[in-house]
């Protein structure tokens, strides 16, 4: 019968090293419960693991059993393992590209901002958070493929143009509709954060958000409380009106808005539609929300695909946007 107290057991366990997380259990805050069944002389534990690798559980089970049964002389130990949710990119600044409606070019803004930040030498990741209608894979001309998994069970993100990215398109068949419940969609986004092996030195994570979805916005806010928002509008009244609503929602959630981007300025419309569709939507949103109009991007197709190069007018605009983001 061992005479060690719970506090003494906890101290001993705290010094146990977990090579899979490269730290001690104490430093990792991995010891969630310590109890003793005195009648059976058994220690009862709840321990957090930090990878999907079954070898981590196997190693910890053996090391803890040795500590409890041999070093501390208890008759037995019962261990329950639970996996921790840890952002591998926890030091990155998260920038959410949001709007109030589809069709304003959020995805193109997202990929070009990621591209230009990478050209500035920044370590960048991109999440296509528009689960139902993802577009980044098509815009980046990525052929259909399945992402690999590393030795720890984490998904290895796709790398293109010196930035990392992930999208639901990597997990579906081509042209397959996403008919998921809101809970599954929220869980998929959570997996993009916790189950992807993002580089630990990422400085920026760009998130292409879906059109205004209140519950999804609340979920993202809870997962990423310090994220910042770039609002995107087209010049039209309809777009500006929707973005104002989205911006007010962002403010109610307590998120910081960097500013508004007016996309597709000069979009060709008929004479009758001109007044309705070209109404300086960026300025309307800026004035209504009292936020800065950062830039107005002309409606000009990229020379190749959807990414603008630095010798194109829009490429320079995106470079300026990336520079602004990088010095904030």
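Readers should treat all values here as calculations from the given coordinates under stated rules, not as data from a laboratory. Owing to the predicted nature of the structure, the values given are computational and were not obtained by experimental measurement. So basically every Cβ, Gly included, is an ideal-geometry build from the backbone, and we count neighbours across all protein chains shown.
May I ask what percent, to the nearest 5, of DSSP beta bridges between residues of segment 9-85 are antiparallel?
In segment 9-85, approximately 50 percent of DSSP beta bridges are antiparallel ones.
Assuming a viscosity of 0.692 mPa s and a temperature of 37 °C, what translational diffusion coefficient in µm² per second does Stokes-Einstein assign to segment 6-83, Rh being the Kirkwood radius over Cα pairs?
265 µm²/s
Where both residues lie in the chain, what percent of DSSP beta bridges are antiparallel, nearest 5?
Details: 13 of 49 bridges.
So the antiparallel bridges amount to about 25 percent of the total.
Simple spin-label model, 7 Å along Cα-to-Cβ: residue 178 to residue 199 in nm?
2.5 nm
Going by how many other beta carbons lie within 10 Å of each one, how would you line up 1, 139, 205, fewest first? Don't skip to the answer; put the middle values down first.
Working: 1 7, 139 19, 205 25.
Ranking 1, 139, 205 by Cβ neighbours within 10 Å, fewest first, gives 1, 139, 205.
Stretch residue 62-residue 310 to full length: gain in nm at 0.36 nm per residue minus the Cα-Cα span?
Here the answer is 83.7 nm.
Compute the acute angle (0 to 90°) between the alpha-carbon long axis of helix 313-327 and the principal axis of greatest extent of the alpha-carbon atoms of the chain; round to the nearest 10°.
40 degrees
What Kirkwood hydrodynamic radius, in Å, does segment 117-176 give when the mean of 1/r is taken over all pairs of distinct Cα atoms and then inverted?
Details: mean 1/r = 0.0806 Å⁻¹.
Computed over Cα pairs of segment 117-176, the Kirkwood hydrodynamic radius comes out at 12.4 Å.
Find the relative contact order for segment 6-83 and round it to a whole percent, using C-alpha pairs within less than 8 Å whose residues are 6+ positions apart.
Result for segment 6-83 is 29 percent.
Just to confirm the number: angle between the C-alpha axis of helix 214-223 and the first principal axis of the chain, 0 to 90 degrees, nearest 10?
Between helix and principal axis, roughly 50 degrees.
Give the shape of segment 283-328 as rounded, prolate or oblate, defined through the alpha-carbon gyration tensor: a ≥ b ≥ c are the square roots of its eigenvalues, a/c under 1.5 means rounded, and otherwise the shape is prolate if a/b is larger than b/c and oblate if not.
Cα axes put segment 283-328 in the oblate bin.
Whole number please: convex hull volume per residue of the Cα set in segment 93-327, in Å³?
Once divided by residue count, the hull of segment 93-327 is 128 Å³.
What residue among 15, 91, 314 has the largest mean-square fluctuation in a Gaussian network model of the chain, using Cα springs under 10 Å?
15
For 45, 230, what ranking results if the residue with the fewest other Cβ atoms within 10 Å of its Cβ goes first?
Least to most surrounded, the residues fall as 45, 230.
What's the exposure ranking of 14, 236, going from fewest to most Cβ atoms within 10 Å? Please report the intermediate quantities before stating the final value.
On the way: 14 15, 236 23.
Ordered from fewest to most neighbouring Cβ atoms within 10 Å, 14, 236 come out as 14, 236.
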